[in-house]
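Only one structure is covered here, and it is reproduced in the block below.
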Protein chains: 2
Amino acid sequence: MRGMPPDEMRHEVLAAVFQVRRTPHGADRLDVLLWRRGRAPHRDAWALPGGTLGLAEGLGASIRRQLAQKVDVREVAHLEQLMTSGAPDRHPGRRVVATSYLGLVPADADPRLPDDTRWHDADTLPSMAFDHAEIVDAARTRLRAKLSYTNVGFALATPEFTMSQLCGYYRAALGHDVSATNLQRVLLRRGQIEPTGGALPSGSRGGRPAAVFRFRDRRLEVTDEFAVLRPPATDRTPTNAQPTT
Amino acid sequence: MRGMPPDEMRHEVLAAVFQVRRTPHGADRLDVLLWRRGRAPHRDAWALPGGTLGLAEGLGASIRRQLAQKVDVREVAHLEQLMTSGAPDRHPGRRVVATSYLGLVPADADPRLPDDTRWHDADTLPSMAFDHAEIVDAARTRLRAKLSYTNVGFALATPEFTMSQLCGYYRAALGHDVSATNLQRVLLRRGQIEPTGGALPSGSRGGRPAAVFRFRDRRLEVTDEFAVLRPPATDRTPTNAQPTT
DNA sequence: GATCGTTTTCGCCTGGGAGTCTAAAACTAC
DNA sequence: GTAGTTTTAGACTCCCAGGCGAAAACGATC
């Protein structure tokens, strides 16, 4: 049996890598990293970075290796598995199962990109190859949700930041306005951020100097305090408990 | 060359299927469906149901097909993709990438099981094959979280139920006490459940007859109302809005 | 048939976190 | 010094989850 029906299965890894970047108009925008395909299928369509999983290679290791061809991997501050797409017709001609990741790059990183690779507005995607548009949508949904109940913000923000900067990152990623007052109170209460003590000199148009903050931990932590149907009070640690690790 | 470097890659699908079942002592317990391996590797260890992904078969279709060999698939009320495990050494000898699913079976279902297959207490797992224990743990964590902010409860409960029955399902799945009063108010407020109007005759020991409820929708819906860092009020629908679909 | 124990239901109260608003603080530019 | 701009801090409200206790509705027993 040769030819038509796919006689082998390939496994590939993909990543939807986001970064909050400043548009020419000075606004913050959530961008996703895409490269333009030079070959069929889907020639000239835009695709997610990634490639075939090696035989002796873990999934996480593979996506890091593949991403290294597009951006400096050290710039990727957070990477988590998103989903696996396995529709038989998602790739014309061959059977390809894809495990995709969500990646986040801090706003101050400016990795050198290959000629075929660009940042694109995550809200208005260009013509996308395969099912990569669905993957980007799923990744955005995941990111929005996780900004609510985890500290992933650290992976979008610079190491140190003012509240208005952080506000801009959250606004761009969430897609709606965020109150700086509220954001500060919520993140402080949760112990996610802390003031460095420093302050940034005011801009050219004056204004009070902004206090500088940083994230306490730069690894993912979930805020379980907000689960409903919690265990009864006696089973719970006091509400003021700080995350121990 | 046989042995060392795997010369091919296989993709398998697995499922951690849960059901709340009544123990001989009359308590509700969360059980997971396992079968006992009859062959090496990991002979006599317990494994999750599943098998090799077919060449022209979608992931969801495949896990349904594989599950059909263990339980009546129509009994599975909810099935969602969980994660993909791809550590190179997770399967001795061969390279096997596994995509696992979380499955839920209502409490009243009593599917016939093959001889090698059993329900096991999800809290005290037996000796498990491969990395299946990790998968079960991840599935439980996912289940716990989703009970908080979605209506997955419908997939654990019988079509109609009293609040104390539902309370038992939630207690078993969450692993801690749940107040019936609170559970009723929360689920009613969210519009997840509704009274059927009927009532169950009281038990042999008397007591007020319990009102009967049912879930409004038997498909997954997320309760987005509880995301923090919500959009400003003007962008939001009024808080009393009922889910329209 | 009155009482007791049991189970469920309903209402009220409480606490706490999120969202909102306004005033004060701190700075630049003119 | 005054006006304008940006950030910070406090106070206030709203609303939901959690907790408590009383009332309702039943079976069993005497």
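The set of residues from the stretch A:154-176 being without any contact (Cβ under 8 Å) to a residue 40 or more places away in the chain and away from DNA strand D (no atom under 16 Å from the Cβ) comprises A:Leu174, A:His176.
What pairs can you find where one residue is in the stretch B:103-123 and under 18 Å from B:Tyr170 (Cα atoms), the other is at pLDDT below 95 and among the hydroxyl-bearing types (Ser, Thr, Tyr), and their Cβ atoms are less than 9 Å apart, with a gap of 6+ or different chains? Short answer, once both residue conditions are applied: B:Asp121/B:Thr23. Test B:Ala172 against the stated conditions and say whether it is away from every other protein chain (no Cβ under 14 Å), assigned to a helix (DSSP H, G or I), small (Gly, Ala, Ser) and surrounded by 15 or more Cβ atoms within 10 Å (Cβ to Cβ). So B:Ala172 does not fit the description; no. Taking residues in the stretch B:7-31 that are within 11 Å of chain A (Cβ to nearest Cβ) and touching a residue at least 40 places away in the same chain (Cβ under 8 Å), and partners anywhere that are among the β-branched types (Val, Ile, Thr) and not in a strand (DSSP E or B), the pairs with Cβ atoms closer than 7 Å and at least 6 places apart or on different chains are B:Val13/B:Ile63. Taking first residues from the stretch B:184-208 that are surrounded by fewer than 10 Cβ atoms within 10 Å (Cβ to Cβ) and partners that are hydroxyl-bearing (Ser, Thr, Tyr), the Cβ contacts under 7 Å between residues at least 6 apart in sequence or on separate chains come to B:Arg208/B:Ser202. Of A:Gln192, A:Gln242, A:Gln184, which residue is at pLDDT below 85 and either under 24 Å from B:Ser148 (Cα atoms) or in contact with a helix residue (DSSP H, G or I) (Cβ under 8 Å, 6 or more places away or on another chain) (or both)? None of the others qualify; the one that does is A:Gln242. For the stretch A:129-148, the count of residues that are in contact with an Asp or Glu (Cβ under 8 Å, 6 or more places away or on another chain), part of a helix (DSSP H, G or I) and within 16 Å of DNA strand D (Cβ to nearest atom) is zero. Scanning the stretch A:59-88 for residues that are among the charged types (D, E, K, R) and at pLDDT below 95 gives A:Lys70, A:Asp72, A:Arg74, A:Glu75. None of A:Leu147, A:Leu166 is among the aliphatic types (A, V, I, L, M), buried (at least 16 other Cβ atoms within 10 Å of the Cβ), within 16 Å of DNA strand C (Cβ to nearest atom) and modelled with pLDDT under 95 except A:Leu147. Residues in the stretch A:1-47 that are modelled with pLDDT of 95 or more and loosely packed, with under 11 Cβ neighbours inside 10 Å: there are none.
Considering the stretch B:150-163, the residues that are crowded, with 21+ Cβ neighbours inside 10 Å and in a helix (DSSP H, G or I) include one that is nearest to the other protein chains (Cβ to nearest Cβ), namely B:Gly153.
If you go through the stretch A:70-116 and keep only what is away from chain B (no Cβ under 12 Å), over 17 Å from the mean Cα position of the chain (by Cα) and not basic (Lys, Arg), you end up with A:His91, A:Pro92, A:Gly93, A:Leu113, A:Pro114, A:Asp115, A:Asp116. Taking the criterion of being charged (D, E, K, R) and within 11 Å of DNA strand C (Cβ to nearest atom), the residues of the stretch B:173-211 that qualify are B:Arg185, B:Arg205, B:Arg208.
Taken together, A:Ser179, A:Ser148 contain a single residue that is over 18 Å from A:Ala107 (Cα atoms) and touching a Cys at 6+ places or on another chain (Cβ under 9 Å), which is A:Ser179.
The values are calculated or read from the model by the stated rules, or taken from the named source; none is laboratory data. Computed from a predicted structure; not experimentally measured. All Cβ positions, glycine included, derive from the backbone under ideal geometry; neighbour counts span all protein chains shown.
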